[in-house]
Amino acid sequence: MSKPAAPLKGRAARLARLMPSTGPSSAARTPFVLLVVLLLGGGLITLLLLNSALNEGSFRLSELKRDTTELTDEQQALQRDVDSRSQPDALEKRARELGMVPGGNPAFLNPDGTFRGKPTEATAPPPSPSPSPTPSPSASPDADAPAAGPSASGASAGPSGSPSPSVSATEPDPAAAPSAENSPPPTSPGR
């Protein structure tokens with residue numbers, strides 16, 4: 001090194017004593033640099049964790065949207081099914097399959113306790129003379145041909161083993177009627 005300059009006097013000397021020399025200044029910078037590196041590293045790791053959490057949430061959101069779409073489609077299909085079964089002609093057909101008959105003219109009860117109209121009991125219309133009745137949903141495919149010969153009449157024997165009357169008979173067999181009424185109605189989805 002070179003020879004130190006002439007000693008400073010006065011104010012410059014006092015300032016020189018207050019200022020540290022070049023040796024200890026590099027040692028004082030090391031903790032500051034380490035602190036900055038640690039803060040930057042911690043921020044980077046936090047940013048990566050936050051980004052992965054957002055990606056996971058994005059995947060979950062897309063999965064939930066897909067499930068919502070599938071469930072909405074299923075709900076709309078079920079609603080269409082309910083609407084088709086709620087139409088008047090479908091209700092009438094289903095009621096006839098269950099053995100219900102039209103009610104006829106209604107009678108009304110007035111607030112004073114008198115009747116308006118004449119109440120009558122609903123009666124079933126006479127059976128149609130057509131040889132093929134409307135098959136019930138639980139009937140076999142061979143039920144469309146009841147007059148096909150002795151095998152068809154033998155297959156529809158009553159509880160005592162005697163053959164039941166043919167479809168074109170005017171009075172139904174009372175022993176065969178309860179079995180038709182006790183058959184369970186067909187099930188449908190949504191019930």
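Values as computed for the structure displayed
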item: Unique residue being surrounded by fewer than 10 Cβ atoms within 10 Å (Cβ to Cβ), at pLDDT below 95 and either of a type in the set (Gly, Ala, Ser) or within 38 Å of the chain's Cα centre (by Cα) (or both) when the list is Asp89, Asp112; result: Asp89
item: Subset of region 7-30 (residues that are modelled with pLDDT of 70 or more, loosely packed, with under 10 Cβ neighbours inside 10 Å and outside any helix (DSSP H, G or I)); result: Lys9, Gly10, Met19
item: Unmet criterion (only one of (1) assigned to a helix (DSSP H, G or I); (2) in contact with a helix residue (DSSP H, G or I) (Cβ under 7 Å, 6 or more places away or on another chain)) for Lys65; result: (2)
item: Near pairs, Cβ below 6 angstrom, 6+ apart or cross-chain, from region 112-123 (closer than 15 Å to Val101 by Cβ) to any residue that is surrounded by 10 or more Cβ atoms within 10 Å (Cβ to Cβ) and not polar (S, T, N, Q); result: Thr120/Gly104; Ala122/Val101; Ala122/Gly104
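The values are calculated or read from the model by the stated rules, or taken from the named source; none is laboratory data. Keep in mind that what you see is a predicted model, and the values were worked out from it rather than measured. In this analysis, Cβ positions are derived from the backbone assuming ideal geometry, glycine residues included, and neighbour counts consider all displayed protein chains.
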